Amino acid sequence: MKEKRKVQLAFDQDEFNKQSNKHEEKLKASNQQLQASEQQLRVDNQQLLASGQAIRESEEKFWLLFENIPVGIILIDKETRIIEEVNQNAVKTIGEKKEIIEGSICTEFFCPAEKGKCPVCDLNQEIDLSEKSIIRKNGIEIPILKSVVSVKIKGKIKLIESFIDITDRMQAEEKLKASNQQLLASEQQLRAA
């Protein structure tokens, strides 16, 4: 019986060692997979950080351009007609604080069309470098050259209005007309004499 017990113990020890080796191999393989996964996570994390940095730099560049371009730019929600965003040139031309402009209805400053007669929203007209005007709170009209394009942002239609103040050009044209009229009057006087 002792002999049988020794054989049984030896057999159990061999089986135990085999099972132990199998588990050890599985553990090593799992550990290697875990290390590979950790390495991949590090790489993915570095890529995410780099992507986040690139997005931040891109946004910063966009806002620098948006705020400093020598053109007024306004973002309007087409459905509500509410001004959502304006750049500094638009603020300067309109002559009102940014906080007052944003959140206002566009007709308070642009195109005082009757309700339901907005050339872009209601009449589906395209505005591409058209002479229009901005109405300041004090009633002064500022002549502008304006374009409007429709874009989709987060599933909603927005209008991007861009414009430049053409007050100087209009004044120069008026002076030129006055000079031409004076020249015509002088020519007529010379012919009459």
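The values are calculated or read from the model by the stated rules, or taken from the named source; none is laboratory data. Because the structure is predicted, anything quoted here is derived from the model rather than measured. Please note: Cβ atoms are built from the backbone with ideal geometry, for glycine as well, and neighbour counts cover all protein chains shown. Note: accessible area is taken over every heavy atom of the protein model, side chains too, but ligands, DNA and RNA are not part of it. Shrake-Rupley method; radii C 1.70, N 1.55, O 1.52, S 1.80 Å.
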Note to self: All but one of (1) closer than 27 Å to Glu161 by Cβ; (2) without any contact (Cβ under 8 Å) to a residue 60 or more places away in the chain hold for Gln32; state the number of the condition that does not hold.
What the structure shows: (1)
Notebook entry, point to check: Within the group Val120, Val151, which residue is surrounded by fewer than 16 Cβ atoms within 10 Å (Cβ to Cβ), aliphatic (A, V, I, L, M) and under 22 Å from Ile164 (Cα atoms)?
Noted result: Val151
Notebook entry, point to check: Has region 43-62 got at least one residue that is open to solvent by less than 80 Å² (accessible area, probe 1.4 Å), at pLDDT 90 or above and not in a helix (DSSP H, G or I)?
Noted result: no
Margin query: Between a residue in region 156-176 that is in contact (Cβ under 8 Å) with a residue 12 or more places away in the chain and any residue that is basic (Lys, Arg), which pairs come within a Cβ distance under 7 Å, given they are 6 or more apart or on different chains?
Written below: Ile157/Lys78; Lys158/Lys78; Leu159/Lys78; Glu161/Lys146; Phe163/Lys146
Notebook entry, point to check: Consider Glu131 against the criteria (1) at pLDDT below 90; (2) surrounded by 14 or more Cβ atoms within 10 Å (Cβ to Cβ); (3) in contact with a Leu (Cβ under 8 Å, 6 or more places away or on another chain): it satisfies all of them except one. Which criterion is unmet?
Noted result: (2)
Note to self: Condition first: farther than 30 Å from Val149 by Cα and charged (D, E, K, R). Can you find one or more residues in region 62-74 that meet it?
What the structure shows: no
Notebook entry, point to check: Residues of region 163-184 being hydroxyl-bearing (Ser, Thr, Tyr) and open to solvent by 40 Å² or more (accessible area, probe 1.4 Å), which ones?
Noted result: Ser179
Notebook entry, point to check: Within the set of pairs 6 or more residues apart or between chains, which connect a residue that is at pLDDT 95 or above inside region 94-109 to a residue that is open to solvent by less than 60 Å² (accessible area, probe 1.4 Å) and of a type in the set (S, T, N, Q) with Cβ atoms less than 6 Å apart?
Noted result: none
